1. With respect to the numbered conditions (1) touching a helix residue (DSSP H, G or I) at 6+ places or on another chain (Cβ under 7 Å); (2) without any contact (Cβ under 8 Å) to a residue 24 or more places away in the chain, which one is the sole condition not fulfilled by B:Q8?
2. Hey, does segment A:70-85 have a residue that's aliphatic (A, V, I, L, M), open to solvent by less than 50 Å² (accessible area, probe 1.4 Å) and either in contact with a strand residue (DSSP E or B) (Cβ under 8 Å, 6 or more places away or on another chain) or free of Cβ contacts under 8 Å to residues at least 24 places away in the same chain (or both)?
3. So which residues in segment A:9-26 are of a type in the set (A, V, I, L, M, F, W, C), assigned to a helix (DSSP H, G or I) and within 19 Å of the chain's Cα centre (by Cα), if there are any at all?
4. It is to be established whether one or more residues within segment B:23-34 are surrounded by fewer than 17 Cβ atoms within 10 Å (Cβ to Cβ) and either touching a Ser or Thr at 6+ places or on another chain (Cβ under 7 Å) or within 14 Å of chain A (Cβ to nearest Cβ) (or both).
5. If I filter segment A:40-54 down to residues being within 10 Å of A:N135 (Cβ to Cβ) and of a type outside the set (G, A, S), which single residue comes out as least open to solvent (accessible area, probe 1.4 Å)?
6. Restricting the first residue to segment A:21-38 and requiring it to be facing chain B (nearest Cβ under 7 Å), which pairs with a second residue that is open to solvent by 50 Å² or more (accessible area, probe 1.4 Å) and assigned to a loop (DSSP other than H, G, I, E, B) meet a Cβ separation below 8 Å and a spacing of at least six or different chains?
Amino acid sequence: MADIKQVVLERNLNPYHSFFSSFFAGLAELGMINQGSINIVSKRAAEYLYSYLEAKEILPDLGAVPGDTPTEVAKNLILYINKILNLVGEYDFKDAEDGMAVLMIAGNTCRICPKGVGGAEVKGTLCPIPTLIENLVNRIAQKDLLELVTSGIEKEGSTCKAYFKVLN
Amino acid sequence: MAQTIAAQLDKTLNDFERNVPHVQATAVVSTDGLVIASRLPSDVEEDRIGAMGAAILSISTRSGRELERGEMVRVLIEGTEGYILIRSVGEYAILVALVEKEVRLGLLFYEAKKCIQLLREIL
């Protein structure tokens, strides 16, 4: 595991990031959660977060979300979600091949990774972001705008990638 | 022409179900809890079977080691309406079977072992 002090300072973590990532890391090390269960609970969390945003009256005005294409609209909704939840530092969301779009996260800037931040020593991935983004974007957009194609996150060097079908 | 991996997995699961009366559904899932292949009824949520099957096997394996029961051979959950059998298929995959109460457990275990050997060769 990377040095905790370095991770905290370089990724600019708040206490909730540390709690969330280490909590899920512990559950994963006990064998209680895996990428499949994280996908399921992230969907539930997206519903709950939508209700939170609604209660706080901070949902974006859909008519005012900029973007000439569905990908651009989704990109701006992801920007809004990341601003609220402070999930990652550097990322991009852009068109990819075959009518898909790709979410690319600089792995060393992710603030909620149960492995990179929480130190989970387990095989495989434990990323809640793709399913959370898919479901929260669709909930906020009030239609199916994104459909997750990958079943979690794919690691390519230090970049974490998730592919989505962008629906009109 | 060689069969795709998906077709080979489906055939192996199908043969297992045919050889053991009362097997209702089967799935091969990754240790990450993601479904690789499945033969499940439409009312069973594939994602949940994958996630729960992998979590149950993982926690059972860990419990077995920590409580000094050795390596996990199988997990058999007995309910009033039937069984859930979970077995490891090598390092990266798991076999999950939903079985009716009337099954002959000896036959189930024997055929599951054969099925796992075949799945290992495919994967």
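1. Result: B:Q8 passes all but (2).
2. There is at least one residue in segment A:70-85 that is aliphatic (A, V, I, L, M), open to solvent by less than 50 Å² (accessible area, probe 1.4 Å) and either in contact with a strand residue (DSSP E or B) (Cβ under 8 Å, 6 or more places away or on another chain) or free of Cβ contacts under 8 Å to residues at least 24 places away in the same chain (or both).
3. Step one: filter segment A:9-26 for residues of a type in the set (A, V, I, L, M, F, W, C), giving A:9, A:13, A:19-20, A:23-25.
Cutting the leftovers down to assigned to a helix (DSSP H, G or I) gives us A:9, A:19-20, A:23-25.
If the condition is that a residue be of a type in the set (A, V, I, L, M, F, W, C), assigned to a helix (DSSP H, G or I) and within 19 Å of the chain's Cα centre (by Cα), then A:F19, A:F20, A:F23, A:F24, A:A25 are the ones that fit.
4. Among the residues of segment B:23-34, not one is surrounded by fewer than 17 Cβ atoms within 10 Å (Cβ to Cβ) and either touching a Ser or Thr at 6+ places or on another chain (Cβ under 7 Å) or within 14 Å of chain A (Cβ to nearest Cβ) (or both), which makes the answer no.
5. Per the stated criteria, the residue is A:Y50.
6. Close Cβ pairs (under 8 Å, with a partner that is open to solvent by 50 Å² or more (accessible area, probe 1.4 Å) and assigned to a loop (DSSP other than H, G, I, E, B)) amount to A:N34/B:T31; A:Q35/A:S151; A:G36/A:S151.
Here's the yes/no breakdown for (1) out of contact with any strand residue (DSSP E or B) (no Cβ under 9 Å at 6 or more places or on another chain); (2) charged (D, E, K, R):
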position	(1), (2)
B:A51	no, no
B:R65	yes, yes
B:E78	no, yes
B:G82	no, no
B:K101	no, yes
B:Y110	yes, no
B:L123	no, no
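The values are calculated or read from the model by the stated rules, or taken from the named source; none is laboratory data. Predicted model only: the values in this text are computed from it and were never measured. Reconstructed Cβ throughout: ideal geometry from the backbone, glycine too, with neighbour counts over all protein chains shown. Only protein heavy atoms, including side chains, enter the accessible area calculation; ligands, DNA and RNA are left aside. Shrake-Rupley method; radii C 1.70, N 1.55, O 1.52, S 1.80 Å.
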